[in-house]
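Sharing a structure below in structure tokens format, with a few things to ask.
The values are calculated or read from the model by the stated rules, or taken from the named source; none is laboratory data. As the structure is a computational prediction, the values presented were derived from the model and not from experiment. Cβ placement follows ideal geometry from the backbone for every residue including glycine, while neighbour counts extend to all protein chains displayed. Please note that ligands, DNA and RNA were not included when accessible areas were found on the heavy atoms of the full protein model with its side chains. Shrake-Rupley method; radii C 1.70, N 1.55, O 1.52, S 1.80 Å.
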Amino acid sequence: LVSDCLKCCADDSEDSMSKVTYSGAILEVCMRKLVFYPEIVGFIEEEKEKIPSVNVQYIFNSPPKLIMLDEDGEHKETIRIDNWKREHLLQYMREKVKPTSASL
């Protein structure tokens, strides 16, 4: 049963998705809901400047999410980050967002 279940799964440690990078990202969140997400607030206030290609957008009633962008600035992937810790968010950004000449 387990082998049948795992037939369509892909090991993400060696596949091409683990090597995917993006040219930038938008961190989208509702300003009124920020009080419920202190880790996101900490990232925005203390870590965001380390990654200049990440922009913050405040959209009414939006849950915290990352909108990953390709070279043309087009939306490629959306990732919910409700329960992410600040350091995990920073690590993910360093791994997935291509550095610009001004970053890191």
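Rounded to the nearest 0.05, what FRET efficiency do ARG32 and VAL2 give with R0 = 30 Å and r taken as the Cβ-Cβ distance? Could you check?
0.10
Give me the 1.4 Å probe accessible area per residue for the range 40-104, excluding ligands and nucleic acids, in Å².
Value returned for the range 40-104: 62 Å² of accessible area per residue.
For the pair SER62 and GLN91, how long in nm is the line joining their label points, each one 7 Å along Cα→Cβ?
2.6 nm
Once the piece of chain linking ASN83 and GLU45 is laid out straight, how much longer is it, given 0.36 nm per residue of separation minus the C-alpha distance between them?
Numbers: separation 38, 0.36 × 38 = 13.68 nm, distance 1.73 nm.
In short, 11.9 nm is gained.
Under unit Cβ charges (Lys, Arg +1; Asp, Glu -1), what dipole magnitude, rounded to 20 debye, does the chain have relative to its Cα centre?
My answer is approximately 340 debye.
Normalise the Debye intensity by I(0) for the chain, one equal point scatterer per Cα, no solvent, then take log10 at q = 0.09, 0.14, 0.22 Å⁻¹ and round to two decimals.
With no solvent term, the Cα-only Debye profile gives -0.27, -0.59, -1.17.
Here is a further query. Could you run the Karplus curve 6.51 cos²θ - 1.76 cosθ + 1.60 with θ = phi - 60° over the range 65-81 and give me ³J(HN,Hα) per residue in whole Hz, x for Gly and Pro?
My calculation for the range 65-81 gives 8, 9, 10, 8, 10, 8, 4, 8, x, 8, 5, 10, 7, 10, 10, 6, 10 Hz in order.
Turning to a different aspect of this structure: In the structure displayed, which of LYS33/LYS98; LYS19/LYS76; LYS50/LYS85; LYS33/LYS76; LYS7/LYS96; LYS33/LYS96 lie more than 20 Å apart, Cα to Cα?
LYS33/LYS98; LYS33/LYS76; LYS7/LYS96; LYS33/LYS96
Summing +1 for each Lys or Arg and -1 for each Asp or Glu, what net charge is found among the other residues whose Cβ lies under 13 Å from the Cβ of SER53?
Local charge sum for SER53: +2.
What's the angle, to the nearest 10 degrees (0 to 90), between helix 86-96's Cα axis and the longest principal axis of the chain?
On a 0 to 90 degree scale, this one is about 60.
On the accessible surface of the chain, probed at 1.4 Å, how many percent belong to carbon and sulfur atoms?
Values: 3690 of 7010 Å².
Looking at the chain in its full context, I get 53 percent from C and S.
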